[in-house]
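Data first, discussion second: the structure below is written as structure tokens.
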Amino acid sequence: ADEDLAAGFDATIAAGDRIEPRDWMPEGYRKTLVRQIAQHAHSEIIGMQPEGNWITRAPSLRRKAILLAKVQDEAGHGLYLYSACETLGVSRRDLMEQLISGAQKYSSIFNYPTLSYADVGTIGWLVDGAAICNQVPLCRTSYGPYGRAMIRICKEESFHQRQGYELLATMMRGTDEQRAMVQESVDRFWKPALMMFGPPDADSPNTQQSMDWGIKRHTNDELRARFIEMSAPQAAALGVTLPGNDLDWDEFWRIVKGGGPCNAQRIAHRKKAHDDGAWVREAATAYARSPR
Ligand code: FAQ
């Protein structure tokens with residue numbers, strides 16, 4: 001009977017159909033999805049911090065309202081993704097513990113500091129831009145709940161990308177000092193944004209199996225090349241110069257392993273927020289259990 005179940009799974013994948021939570025799936029498929037979806041959810045939640053850093057110092061009420069809404073959207077994305085991950089039989093409590101203990105990763109990009117308001121624009125343009133390029137194909141991922149979460153997330157990310165571009169375009173129409181701020185910010189974020197696509201294919205242990213299972217639809221290098229190509233005309237229209245595409249993979253692995261400029265700070269901040277929220281979780285649990 002196990003062989004029939006495995007054959008059914010293989011046939012579903014081969015037909016390009018979706019696997020749903022109650023369907024039989026190989027343990028490796030489930031584990032890979034938990035790893036990738038959890039890492040994705042954690043990235044959204046940790047990704048609130050670099051931009052959140054500027055909410056109290058936004059240059060106008062309009063920019064503040066936009067930034068607040070964007071950071072809130074990121075919280076929402078994290079929550080959809082945790083829900084998708086829970087359909088694979090893991091609890092949100094476990095996921096949060098694994099983030100805080102460092103057992104599960106989040107995207108390397110969020111371990112860099114945000115040093116100026118131009119970084120808010122650059123994150124929207126390049127970091128959300130890279131996220132969209134990576135995530136649009138994930139709308140067709142083989143696991144139903146993940147693919148469906150991606151559809152809505154991608155729509156919101158496109159909006160985020162445009163607001164970042166609009167912010168930078170506004171600054172580029174401003175003073176020389178503002179133009180210099182934009183270029184300096186792009187100089188810092190370009191290569192880290194290219195690293196969001198993961199290691200080169202030759203050093204990516206998971207890509208082949210994830211492609212065979214229809215979890216990933218393209219390799220890391222394919223998507224990175226697509227993003228570089230998309231970004232060139234946008235940079236020209238803005239009037240900024242993109243640094244080269246030669247990446248320092250030692251820096252990447254150092255950051256992935258916890259040694260980046262902000263890794264410790266990001267986790268400490270998340271842990272404090274989690275600890276400070278303990279009373280809310282306790283109250284919600286007590287309320288849910290109370291007779292009504
Ligand atoms: N950072 O074998 P592969 C966002 C790890 S967008 C850290 O190639 P895979 C939106 C990888 O986990 C950012 N670790 O792995 C936003 C694996 O380690 P493990 C989130 C990385 O999974 C915008 C090892 O290296 N997006 O948040 C990174 O096949 C603005 C070997 O790598 C997603 O998560 C990295 N950059 O491919 C929010 C998208 N790259 O677990 C706020 C979904 C690799 O074996 C503001 N994820 N690693 O110990 C994916 O598409 C894939 O997981 C990849 C990696 C492409 C990231």
Worksheet item: Looking at segment 57-71, which of its residues are surrounded by 12 or more Cβ atoms within 10 Å (Cβ to Cβ) and without any contact (Cβ under 8 Å) to a residue 12 or more places away in the chain?
Response: Lys64, Ala69
Item to complete: Would you mind finding the one in Thr175, Thr122, Thr170 that is at pLDDT 95 or above, hydroxyl-bearing (Ser, Thr, Tyr) and buried (at least 17 other Cβ atoms within 10 Å of the Cβ)?
Response: Thr122
Item to complete: For segment 154-167, indicate whether the set of residues that are under 28 Å from Lys257 (Cβ atoms) and either modelled with pLDDT of 95 or more or of a type in the set (A, V, I, L, M, F, W, C) (or both) is non-empty.
Response: yes
Worksheet, complete the sentence: When every residue in segment 187-211 that is buried (at least 18 other Cβ atoms within 10 Å of the Cβ) and within 6 Å of the ligand (Cβ to nearest atom) is compared, the one farthest from Ile13 (Cα to Cα) is Met195
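Which of the following residues is part of a helix (DSSP H, G or I), within 9 Å of the ligand (Cβ to nearest atom) and either among the β-branched types (Val, Ile, Thr) or in contact with a strand residue (DSSP E or B) (Cβ under 6 Å, 6 or more places away or on another chain) (or both): Ile100, Ile109? Lay out the reasoning, then the answer.
On the way: Ile100 fails: within 9 Å of the ligand (Cβ to nearest atom).
Unique residue meeting the criteria: Ile109.
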Worksheet, complete the sentence: Only one of (1) under 29 Å from Arg30 (Cα atoms); (2) outside any helix (DSSP H, G or I); (3) more than 11 Å from the ligand (Cβ to nearest atom) does not apply to Asp246, and that is (1)
Worksheet entry | Selected residue [of a type in the set (Gly, Ala, Ser), touching a residue at least 12 places away in the same chain (Cβ under 8 Å), in contact with a Ser or Thr (Cβ under 9 Å, 6 or more places away or on another chain) and away from the ligand (no atom under 12 Å from the Cβ)] from Gly214, Gly239 | Gly214
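The values are calculated or read from the model by the stated rules, or taken from the named source; none is laboratory data. The shown structure was predicted, so the numbers you read here are calculated from the model rather than taken from an experiment. Note that we place each Cβ from the backbone using ideal geometry, even for glycine, and neighbour counts take in every protein chain shown.
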